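The structure appears right after this line, and notes come after that.
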Amino acid sequence: MVINPQFPQFTFFSEGLAAVELDNKYGFIDRSGQMVINPKFDYAYRFREGLAAVKLGNKWGFIDRSGKMVINPQFDSAGSFRGGLAEVELGDSSYQINKQGQILLDPTCVARP
């Protein structure tokens with residue numbers, strides 16, 4: 001066994017890291033089980049395209065693999081990046097953002113009923 005069972009919640013490894021819950025906060029471990037991003041997030045998704053969506057309070061943002069916040073928490077929900085874009089929600093609307101956190105105002109923006 002490489003990593004002893006110690007985390008109540010975890011994600012699959014992605015890009016060499018896995019999100020894990022410890023004391024009701026989420027951080028990230030490497031494949032040896034070493035904590036590489038300290039647990040400080042209220043929730044976290046796995047890494048995709050070098051970024052992971054993380055929740056702080058009631059807002060979502062994105063961190064890089066060093067744990068640096070690269071897109072500040074500002075969204076009501078967020079998904080993972082695919083093809084350089086991630087879906088986010090603000091209020092009653094869904095948008096796509098790029099890796100700089102810019103909302104793309106194009107026909108993919110949809111208002112939800």
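The values are calculated or read from the model by the stated rules, or taken from the named source; none is laboratory data. A quick note: this is a predicted structure, and the numbers were derived from the prediction, not measured. We place every Cβ from the backbone using ideal geometry, glycine too, and count neighbours over all the protein chains shown. Remember, those area values only see protein heavy atoms, side chains included, never the ligands or the DNA or RNA. Shrake-Rupley method; radii C 1.70, N 1.55, O 1.52, S 1.80 Å.
On the basis of the beta-carbon distance and an R0 of 22 Å, E15 and M35 show a calculated FRET efficiency of 0.85. Ligands, DNA and RNA are left out, and with a 1.4 angstrom probe the accessible area of the range 16-113 is 53 Å² per residue. Projecting the alpha carbon convex hull of the range 47-109 along each direction and taking the average yields 3.9 nm². When a 1.4 Å probe is rolled over the protein heavy atoms, the share of accessible surface on the range 20-113 that falls to carbon and sulfur comes to 46 percent.
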